[in-house]
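Worksheet: the structure to be examined is printed underneath.
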Amino acid sequence: ETDGLVERSARLGRHLLERLRALQVRQPLIAEVRGRGLMAGVEFAPATRGFASVATGEVFNRISREFLSGLVVLKLRHEKRILTLSTLNDPNVLRAQPPLSIGEAEVDAYVDGLDEVLHSIGSLPRALRQYWREFARAARA
């Protein structure tokens, strides 16, 4: 407590959640942002809704729940050098749980990197096409 980690964590956690909620407004792939202190979760939206969901038998939504968060984790790691994980109980939720020694610049870099990765993904069908192209290219190499 002499280092002020509790207060610092609360302040940076508020900043992290504010930035993630602002990102949620711009990113249709994000359904919900939640957290406490410096621990936050970003839940991804279903790939399809309404008639499209019924017509596809929920296939895209099931693929999205298992695939999208993992793709985001990989792209953040490879393209932005940011380490993050999905939650253990729900693979559709991205977990932000930085060390208490993190600074505001690193919080901003995380959210900016997430924004860029989600923008590059765009949608689940687009992400699947990108993934399979990269997979096929790697298989031929």
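The values are calculated or read from the model by the stated rules, or taken from the named source; none is laboratory data. Just so it is clear, the structure is predicted and the values come from calculations on it, not from any experiment. Here Cβ is always computed from backbone atoms with ideal geometry, including for glycine, and neighbour counts include all displayed protein chains.
Observations on the model:
Yes/no per residue for (1) charged (D, E, K, R); (2) out of contact with any strand residue (DSSP E or B) (no Cβ under 9 Å at 6 or more places or on another chain); (3) closer than 17 Å to Leu118 by Cβ:
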residue: Leu74; (1), (2), (3): no, yes, yes
residue: Ile82; (1), (2), (3): no, yes, yes
residue: Leu85; (1), (2), (3): no, no, yes
residue: Leu88; (1), (2), (3): no, no, no
residue: Asn92; (1), (2), (3): no, no, yes
residue: Gln97; (1), (2), (3): no, no, no
residue: Ile102; (1), (2), (3): no, yes, no
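- Whether a residue is at pLDDT below 85, of a type in the set (Lys, Arg) and over 10 Å from the mean Cα position of the chain (by Cα) was assessed, and Arg49 passes this test.
- Count of region 23-42 residues, restricted to those that are out of contact with any strand residue (DSSP E or B) (no Cβ under 7 Å at 6 or more places or on another chain), touching a residue at least 60 places away in the same chain (Cβ under 8 Å) and either under 18 Å from Ser101 (Cα atoms) or in a strand (DSSP E or B) (or both), is 1.
- Residue satisfying all of: in region 100-119; over 20 Å from Phe44 (Cβ atoms) and not charged (D, E, K, R); surrounded by the fewest Cβ atoms within 10 Å (Cβ to Cβ) among these: Ala105
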